[in-house]
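Asker: Got a structure for you, questions after.
Quick note: the coordinates plus some simple rules give every number you see, no bench work behind them. What you see is a predicted model; the values in this text were computed from it and never measured. As a convention, Cβ positions derive from the backbone with ideal geometry for all residues, glycine included, and neighbour counts pool all protein chains shown.
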Amino acid sequence: MRPPILIIHICAGVVGVLSGAAAMSFRKGSRPHRVGGNLFFVAMLVMGSSAAYLGNVFGGLFACYLVATAWLTARRREGETGIFDWAAFLFALAAGVLFVTHGVRLATGAVAPKPGVPIGMVFFLGFVVLLAAAGDLRMLVRGGVFGRQRIVRHLWRMCFSFFIATGSFFI
């Protein structure tokens, strides 16, 4: 018998993949795009938090971080920031340092690798998290995001969240 949280995780993943594909299919800014995007946002928060509970703590929390910061970027006005952005930056910075440090420990043999998780993937995710943290810091120093940068920030974070969902689903 499967634990209920695993069923919730799988269902949220299916809803995330379907709603993410729907959001990408509709004209940006249209009502169907917003509805699909909001559904994707909620599904990814459920999927990420349940993944963290099931043992993939950093992967699940990183998915939540990406989708939350992407959603806020689209919801806020240009140049608007808040305390959540500072907390998100600190989370991403800490997670990125932990990922890369763990990768170094794996590469040097200080820690035994988990079966099926290539060391390169640990470094890849660590550097993506650090890239996201750098983007957060840049946004905070500049006093928010404006124009094209706002759309780019929203898009890459949502699309990478979608990549995580589809990668988990199809693997």
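Asker: Assuming 0.36 nm per residue, please report the length gained on full extension of the stretch ALA22 to ARG2 beyond their Cα-Cα distance.
Answerer: Residue separation times 0.36 nm, minus the Cα-Cα distance, leaves 4.3 nm.
Asker: Now for a different question. Taking the chain as a Gaussian network, where each spring joins two C-alpha atoms under 10 Å apart, which residue of SER161, SER50, SER30 fluctuates the most?
Answerer: SER30
Asker: Using just the helices of the chain, give the 222 nm mean residue ellipticity in deg cm²/dmol: DSSP H runs with n ≥ 4 each add -39,500 (n - 2.57), and the total is spread over all residues, rounded to 500.
Answerer: So the calculated ellipticity at 222 nm is -28500 deg cm²/dmol.
Asker: Now a separate question. Please compute one quarter of the surface area of the Cα convex hull for the chain and express it in square nanometres.
Answerer: Seen from a random direction, the Cα hull of the chain projects 10.7 nm² on average.
Asker: Now, a different point. How many angstrom lie between the Cα centre of segment 53-91 and the Cα centre of segment 9-26?
Answerer: Spelled out, the Cα-based centre of one part sits 19 Å from the other.
Asker: Now, a different point. Using the Kyte-Doolittle scale, which helices in the chain average at least -1.0 and also have C-alpha atoms spread 30 Å or more along the helix axis, with helices defined as whole DSSP H runs?
Answerer: 4-25, 31-54, 83-108, 119-142, 147-170
Asker: Sticking with this structure for a sec: If you take the charge dipole of the chain about its Cα centre, with +1 on Lys and Arg Cβ and -1 on Asp and Glu Cβ, which of VAL57, PRO118, PHE91 is farthest toward its positive end?
Answerer: Value computed over the given set: PHE91.
Asker: Which of VAL100, VAL141, VAL35 moves the most in a Gaussian network model of the chain with Cα springs under 10 Å?
Answerer: Judging by the Gaussian network model, the answer is VAL141.
Asker: Based only on other Cβ atoms within 10 Å, what is the fewest-to-most ordering of ASP136, ASP85?
Answerer: ASP85, ASP136
Asker: Treat each spin label as a single point 7 Å out from the Cα along the C-beta direction, and report the ARG31 to PHE170 distance in nm.
Answerer: 3.3 nm
Asker: Which one of GLY16, GLY135, GLY96 has the biggest mean-square fluctuation once the chain is modelled by GNM with Cα springs under 10 Å?
Answerer: Evaluated over the chain, the most mobile residue of the options is GLY135.
Asker: Take LEU72, LEU66 and order them by how many other Cβ atoms sit within 10 Å, fewest up front.
Answerer: Ascending Cβ contact count within 10 Å gives the list LEU72, LEU66.
Asker: Rank these for me by crowding, LEU39, LEU98, going from fewest to most other beta carbons within 10 Å.
Answerer: LEU98, LEU39
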